[in-house]
1. What are the pairs with Cβ atoms under 6 angstrom where one residue, in segment A:262-273, is more than 11 Å from every other protein chain (Cβ to nearest Cβ) and the other, located anywhere, is part of a helix (DSSP H, G or I)? Sequence gap at least six, or different chains.
2. Need at least 1 residues that are within 14 Å of another protein chain (Cβ to nearest Cβ) and of a type outside the set (S, T, N, Q) per element, so show me which helices (runs of 4 or more DSSP H) inside segment B:336-424 make the cut, counting only ones lying wholly within it.
3. Which of the residues belonging to segment A:45-67 are surrounded by 13 or more Cβ atoms within 10 Å (Cβ to Cβ) and either touching a strand residue (DSSP E or B) at 6+ places or on another chain (Cβ under 9 Å) or in contact (Cβ under 8 Å) with a residue 60 or more places away in the chain (or both)?
4. Restricting attention to segment B:198-223, which residues are more than 14 Å from every other protein chain (Cβ to nearest Cβ) and either aromatic (Phe, Trp, Tyr) or assigned to a loop (DSSP other than H, G, I, E, B) (or both)?
5. Just need a number here: residues in segment A:222-242 that are within 7 Å of another protein chain (Cβ to nearest Cβ), in a helix (DSSP H, G or I) and crowded, with 24+ Cβ neighbours inside 10 Å.
6. Here are some conditions: (1) out of contact with any Pro (no Cβ under 7 Å at 6 or more places or on another chain); (2) surrounded by 16 or more Cβ atoms within 10 Å (Cβ to Cβ). A:Ile141 meets all but one. Which one does it not meet?
7. Count, please, the residues in segment B:240-270 that happen to be in contact with a strand residue (DSSP E or B) (Cβ under 7 Å, 6 or more places away or on another chain) and either within 11 Å of chain A (Cβ to nearest Cβ) or hydroxyl-bearing (Ser, Thr, Tyr) (or both).
Amino acid sequence: MSSTKPLRASAWLQATPFTLVFVLFLVLPLLLVLAVSFWRATDYELIPAFTLQNYLDVFNETTVRTYLSTLKFCFLVWLATLLIGFAVAYFLAFHVRSVGVQTLLFVLCTVPFWTSNVIRMISWIPLLGRNGLINQGLQAINVIDSPIEWLLFSDFSVVLAFVHLNTMFMIVPIFNSMMRIDRALIEAARDSGASGWQTVWNVVVPLSRTGIIIGSIFVITIVMGDFVTIGVMGGQQIASVGKIIQVQTSYLQFPMAAANAVILLAVVLMMIWGLTRLVDIRKQL
Amino acid sequence: MTDHQDPNGTPRLGRRTLLKGAAAAGGALAFPFVHAQEKITLRYLGTAVNQDKAIADKFKADTGIEIQYIPVTTDDVTKRAVTAPNSFDLIDTEYFSLKKILPTGNLLGIDTKRIKNADKITTLFTKGEVGGKKVGDQGTAPKKVMYVASPTAKDFAKEPTQFMTLIPTVYNADTLGIRPDLIKRPIESWKELLNPEFKGKAAILNIPSIGIMDAAMVVEAAGLYKYPDKGNMTKKEIDLTIKTLIEAKKAGQFRALWKDFNESVNLMASGEVVIQSMWSPAVTAVRTKGIACTFQPLKEGYRAWAAGFGVPKTVSGKKADAVYEFINWFLDGWAGAYLNRQGYYSAVLETAKAKMEAYEWAYWMEGKAAAQDIKSPNGDLLAKAGSVRDGGSYETRMGGIACWNAIMDENAYMVQKWNEFVAA
């Protein structure tokens, strides 16, 4: 007994700094947000009171429509990043043999992160715009008569920008899972007469599940909370939950914004909870 | 363009509230400034548009006092003034924000006896007049919020007093920007913004309190409704205005909405948009790219805005003296001339005139054809000899003000409806 006690104390001590950081900068602020979401506010001050009005105000047609629109983006982006991410990770893990080339290709995948978010998104305009490269190119080879308008400031451009940005978050965890797959299993599948697709579907996909789930959590949380990408690529004409919160904080309507944030947090947590039901991440890592 | 996602955004609100709580409880952040006073640095909170390095450099050369700019967005200036008054020594904010800031008691009335040129500040601010004629005062016209009865008063005085809330820095009148080369016909009215002719090629400002005013100008110009006060709509009037916007949006009128100066420049320069609500320096920015762009005067008039210096209650002693010194220096002409050359207007015209060349004054302020090439303070060519400024002279332009940027009594409702428009 006496020998385990100091060990436990030192374990606590080791965990303390991180715990403190979390409590101070995550738990406390979140509790404050929760508290403020029940307060009232005027143009210039917060009034500590208890009211459910903020939550009642949040539930209206606009919010529901905004959530549906955000969920739609979430699904489309998730699907696209999953397919592309899986394909890229598969290629990197099973077709590229040399570690050097793997590293090089990985670095290539990070290219989208070499410039700032805003600059990256603004550079889509000369490509996708009415007088952009694609429209001018298509017009030059007489495929279209007038510019395609939906290339920019549309659902399409929002999804495109999201996929461009977030595929990396799928590639990395899926690649990581794939590298742990025992190559003997693939050989065994082939020896047993499985076709290439059957091997992928019945061996690789189930064994990459952890990576897929982790990647999905990354992508879903990023898309659900985003308002910059949707704003810029949607020409500010597409609503997002994050944008509503931002507008409300700009106008000092903190309780409303807090109520919205609490609901958003709850929705995202439920999605993550659902995903973690599918796989025990701690066990799999 | 601030943080990327909600997990960043949410705790920030909490953290600030927490800090504020800590400051109130322990007085940790509220200690008076008693440190060594040889070198004074003034923290200047405002929007980037007004924070020119040349102005800070010149002031330092003249007085030895350092200016440290804190550039944030218009909305964030207000937010910081309300929630973190210890974080700056001098605020440069829009007059319409005063309705939110003053009741907090975070600003001190400025003693005009300590401001040398106070009595020379243009009558637009003190009386709401330009050249002896009254201009439109719908919305938060500066004269309505210019004075307070005592330095610590939390409401506005109706009559001029010794104490001013803000000392004006820059002001201007906004209108629609157009691409004359792509529209190819004269534009004379605000209603053209929602003209189906420009379907998919129009844009409006996505800053609710300003965007709604532009929308109101359109509604009135189209003869749909006449507002008693565009700057203070009733719920019904807000509904009507937003309904008009939503119908236009659903019909595909807008190519985009913009929130940021650079966005508006990009939309216009790339030809995505040919008509949009716009700010004067943004039009200049499009032009310096060699693209035709007009800041189009319209028959219904302009939507005006004005910003000014305020003094937070937290500065005292030497630091307060330095703040007054800066304000006095600012009104003394050099800064005014600098701003006038950028297409803004300065508070004391007389002193600015003394620091400008006669041909510059004639072009910028009198609406006369440029006698020689007009250059920006950085030396970029803004207008060739012979050209005339859009909107003409100071008196024609500022005399044509129809309304002012404002905060409505129904602000919360308006913001909620604006979100509906964005989501529609």
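1. From segment A:262-273, the pairs are A:Met271/A:Ile220; A:Ile272/A:Ile217.
2. By residue number, B:411-423.
3. A:Leu46, A:Thr51, A:Gln53, A:Asn54, A:Tyr55, A:Asp57, A:Val58, A:Thr62, A:Thr63, A:Arg65, A:Thr66, A:Tyr67
4. B:Ala222, B:Gly223
5. So the answer is 2.
6. Result: A:Ile141 passes all but (2).
7. Residues flagged as in contact with a strand residue (DSSP E or B) (Cβ under 7 Å, 6 or more places away or on another chain) and either within 11 Å of chain A (Cβ to nearest Cβ) or hydroxyl-bearing (Ser, Thr, Tyr) (or both) within segment B:240-270 amount to 8.
Rundown of residues vs (1) crowded, with 17+ Cβ neighbours inside 10 Å; (2) in contact with a helix residue (DSSP H, G or I) (Cβ under 9 Å, 6 or more places away or on another chain); (3) under 30 Å from B:Ser376 (Cα atoms), yes/no style:
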| site | (1), (2), (3) |
| --- | --- |
| B:Phe198 | yes, yes, no |
| B:Ala203 | yes, yes, yes |
| B:Thr244 | yes, yes, no |
| B:Ala248 | yes, yes, no |
| B:Glu263 | yes, yes, yes |
| B:Met268 | yes, yes, yes |
| B:Ile291 | no, yes, yes |
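The values are calculated or read from the model by the stated rules, or taken from the named source; none is laboratory data. Remember, it's a predicted structure, so these values are computed and weren't measured experimentally. Every residue, glycine as well, gets a Cβ built from its backbone with ideal geometry; the counts of neighbours run over all protein chains shown.
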